[in-house]
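Working notes, structure below.
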Amino acid sequence: MSGNQEPILNKDGVSGMRSAYLKLKPWQWWLLVAINIFFLVAGQSAAVLLGRYYYDKGGNSKWLATLVQTAAFPFLYIPLVLLPSSGEPSITSTSPSIKMLALIYFFLGALIAGDNMLYSTGLLYLSASTYSLICASQLAFNAIFSYFLNSQKFTSLILNSVVVLSFSAALIAVNDDSDGPSGLSKGKYIIGFLCTLGASAIYSLVLSLMQLTFQKVIKKETFSVVLDMQIYTSLVATCVSVIGLFASGEWKTLHGEAESFGSGRVSYILTMVFTAVSWQVCSVGVVGLIFLVSSLFSNVISTVALAVSPIAAVIAFHDKMNGVKVISLLMAFWSFGCYSYQNYFDDSKARKAQHDVKDNHHDSSC
């Protein structure tokens, strides 16, 4: 989970969790940031490649591919135990009711399950490189939803990022040489494209709705609160995926699918296990970056990981990297650069304002 707004600040201008990390030496802080970036990029790239490997070796269950995206959510308890918790109290003495939180978790969890299903369908009909390039459009969708739901400013740099990413996705859509797995028809390629694009839009909507929940309902954004959001929505999404697996009848084919899997039954099981673990390693990196830097930075790094996946797909699956894909990749990096610079600019202004407030407070105390 990530979003486009900074964590809610306390009276000193620092979020509850981030204040704990200000005591670290610079090299220790950078080391933690680097570790979490590695978790996010490696986890997301590995999960996408393993998902494509599952389909290439004979896997065909979209609901199983959906299930593994959230099934390993108990893995998220590890950072909850290892990292320090924040004692920062809520801004308001009135906490949301359990019923309200349950409804929010259920709605977002069901939305995530549907989103994961679209992602699974997209990956079934697209090569890993094409899939990843289309997924990069989530940054543009994120900017749009954040503008309407989270009061994110629509600056010229962000507008440029949205336009460039839109053209990047359009290039992939009209690319006649786009390679689909196993020589699928153009119609299924279009279905894969639309499902992946729709999934990117819904994922961005989920991020903005989560951020809105923190701001308007929970009214705090501590480490444990964000992890609770991740864990309980994943629990709901996992339950919905299990229901979908049995309701669709796909569970009946899993035994035969495992027996006929291209690289063997053991490989089938390991592929599912490592795919599930990879998605949760990615989630740990996302949550870690939210509290070490910001939620916006975490989302930007997630988009960079999507740009890394096509390169990994060329190496692992020998996907075709034609001229259109190269141009689309470069446009994605350009859009990422614009978005990152805007984040840097906003962060610099916030730090300067915070420094001025502290100076004024110090002068008034003298």
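Condition (residue is under 17 Å from the mean Cα position of the chain (by Cα) and closer than 19 Å to Lys320 by Cβ) applied to region 136-154: is it met by at least one residue? Reasoning before the result, please.
Step one: of region 136-154, the residues under 17 Å from the mean Cα position of the chain (by Cα) are 136-146.
So of that shortlist, the ones also closer than 19 Å to Lys320 by Cβ come out as 136.
Among the residues of region 136-154, at least one is under 17 Å from the mean Cα position of the chain (by Cα) and closer than 19 Å to Lys320 by Cβ, which makes the answer yes.
The criterion of being modelled with pLDDT under 50, at negative phi and small (Gly, Ala, Ser) holds for Gly3. Name the residue that is most open to solvent (accessible area, probe 1.4 Å), counting only residues in region 124-158 that are hydroxyl-bearing (Ser, Thr, Tyr) and under 30 Å from Gly59 (Cα atoms). Filtering first and then ranking leaves Tyr125.
Scan region 159-209 residue by residue and report those that are polar (S, T, N, Q), open to solvent by 20 Å² or more (accessible area, probe 1.4 Å) and modelled with pLDDT of 75 or more. Passing the criteria: Asn160, Ser166, Ser185.
Does region 272-279 include one or more residues that are in a helix (DSSP H, G or I) and within 26 Å of Gln152 (Cα to Cα)?
Step one: list which residues in region 272-279 are in a helix (DSSP H, G or I), which gives 272-279.
Those left that are additionally within 26 Å of Gln152 (Cα to Cα): none.
No: region 272-279 contains no residue that is in a helix (DSSP H, G or I) and within 26 Å of Gln152 (Cα to Cα).
Tell me yes or no: at least one residue of region 34-52 is in a helix (DSSP H, G or I), of a type in the set (D, E, K, R), over 23 Å from Val304 (Cβ atoms) and at pLDDT 75 or above. Looking through region 34-52, none of the residues is in a helix (DSSP H, G or I), of a type in the set (D, E, K, R), over 23 Å from Val304 (Cβ atoms) and at pLDDT 75 or above. When restricted to residues that are open to solvent by 90 Å² or more (accessible area, probe 1.4 Å) and modelled with pLDDT of 85 or more, region 78-99 contains 2.
Just to be sure I understand, how many residues within region 265-285 are among the aromatic types (Phe, Trp, Tyr) and open to solvent by 30 Å² or more (accessible area, probe 1.4 Å)? Even if it seems obvious, please write down each step before you answer.
Quick first cut of region 265-285, residues among the aromatic types (Phe, Trp, Tyr) only: 268, 274, 279.
Next, only the ones that are open to solvent by 30 Å² or more (accessible area, probe 1.4 Å) stay: 274, 279.
Total satisfying the criteria: 2.
The sole residue among Ile315, Ile301 that is on the phi < 0 side of the Ramachandran plot, at pLDDT 70 or above and surrounded by 19 or more Cβ atoms within 10 Å (Cβ to Cβ) is Ile301.
Tally up the residues in region 210-264 that are of a type in the set (Asp, Glu), part of a helix (DSSP H, G or I) and buried (at least 16 other Cβ atoms within 10 Å of the Cβ), please.
Narrowing region 210-264 to residues of a type in the set (Asp, Glu): 221, 228, 250, 257, 259.
If we keep only those that are part of a helix (DSSP H, G or I) too, we end up with 228, 250, 257, 259.
Narrowing the set further to residues that are buried (at least 16 other Cβ atoms within 10 Å of the Cβ) leaves 228, 250, 257.
Of the residues in that region, 3 qualify.
Counting only residues that are modelled with pLDDT under 70 and buried (at least 17 other Cβ atoms within 10 Å of the Cβ), region 320-366 holds 1 of them.
The values are calculated or read from the model by the stated rules, or taken from the named source; none is laboratory data. Computed from a predicted model, the values in this text were never measured in an experiment. Glycine also receives a Cβ, built like all others from the backbone with ideal geometry; neighbour counts cover every protein chain displayed. Calculation scope for accessible area: heavy atoms of the full protein, side chains included, ligands and nucleic acids excluded. Shrake-Rupley method; radii C 1.70, N 1.55, O 1.52, S 1.80 Å.
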